[in-house]
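No lab work stands behind these numbers, since they all come straight from the coordinates. Fair warning: this is a prediction, and the values are worked out from it, not measured in the lab. Here the Cβ is made from the backbone with ideal geometry for all residues, glycine too, and neighbour counts use every protein chain on show.
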Amino acid sequence: MITIHGTYKIKSPISGLVVEVANGSKDDGANIQLGNDDDSIWQKWLVEIKDGGYVSFKNRSTDKYISVENENSDNEANVEQYTGNNTDTQLWKLTETTFIRGWVQNNGNWYCYDPETGELIKNTTRVDPMMQDPAQYGSIYDFDSEGRASWHLPTVDDLPGGTGPSAPIPTLIGDRRQRVLLVALSRLGCPYESGNAPTGFVCDGLTAWSYTTALGDWFYTGPGSREDLQDASWQWDKIKKRNGIKNDINDFKPGDLVFFGNPQLTYGPGQLDYNGPAYHAGIYYSNGVMINSTSTVSPSGVCFMNVRDYYLWNKFLGGGSPYEAETSRVEIPS
């Protein structure tokens, strides 16, 4: 017998009411009924997998099971709780239903299906726990094969073709940040070379190629435009004009661009002017790490590097998001 991890409520999608033990009774034969969701312990059930694909529901409060009264198989037979006895009266089949896929709009609000609660949630900011502060990142969702909302930080495990110069371009899934990261990850191990994409890159060549490949048009500059310039200063200026520059690495999101250059002391000791020319660029990954192509490591090329690397940190300029008007709006994955 296997118990599915976690405690569940059994909720009616029509009424929103949940299955509970009447009055929290611990007696055999106590009625099973619908009640308002008050998060009480007699509304919580453990799901146990039985042989033959059946499941049983065990109440967290009473340690007894949902059972059919007197083994009655007729319509309108009573459902009750009873001590576990491994009889057919305590076995149930879970039948698949249709998940709500993607986003649903109603009265100006956006909703999507939440896999943890089984509910439609409105204007949500649920994101991957690695992102620390959901309010900072907004509504970043993609959807699994059953239409359930999720977000995850792509890893090399998401690349069945591996990494390096001969690796294929990965299948692009998820929102635009995930797509950029997948493409960049697939180039790990490529040598430091100019003008040789997709098998070799310099720093700003990697950033330009990753965004253009993942999104179809660099920085959303419009159909047919070719501003995917291999120039860190041009990329820096584009972000600065569009969304402004963030100077605190703790504010960076996965997929942001990170820039390094020659800041100059202009306002007094320790106060930097962040308007110096950018000569190195990377793509922020997570936890202070970026993906970049550099000649300062051995072997040189596309690799993970800590943004606070001893060689780069005193040349850190800042960075940010290239996405048009990425503030607090809900992003609808394509």
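Observations, loosely collected:
- A full extension of the chain between residue 157 and residue 251 corresponds to an added length of 31.2 nm, given 0.36 nm per residue minus the alpha carbon distance.
- Footprinting exposure proxy ranking of 26, 246, fewest other C-beta atoms within 10 angstrom first, gives 26, 246.
- Sequence ranges 176-187, 78-89, ranked by mean other-Cβ count within 10 angstrom, highest first: 176-187, 78-89
- Sites residue 234 and residue 27, calculated FRET efficiency, Cβ-Cβ separation with R0 56 Å, nearest 0.05: 0.15
- Within a straight-line Cα-Cα reach of under 17 Å, residue 58 can be paired with the following lysines, leaving aside sequence neighbours fewer than 8 residues apart in one chain: 9, 11, 26, 44, 50, 93.
- Going from the fewest other Cβ atoms within 10 Å to the most, the residues 62, 95 appear in the order 95, 62.
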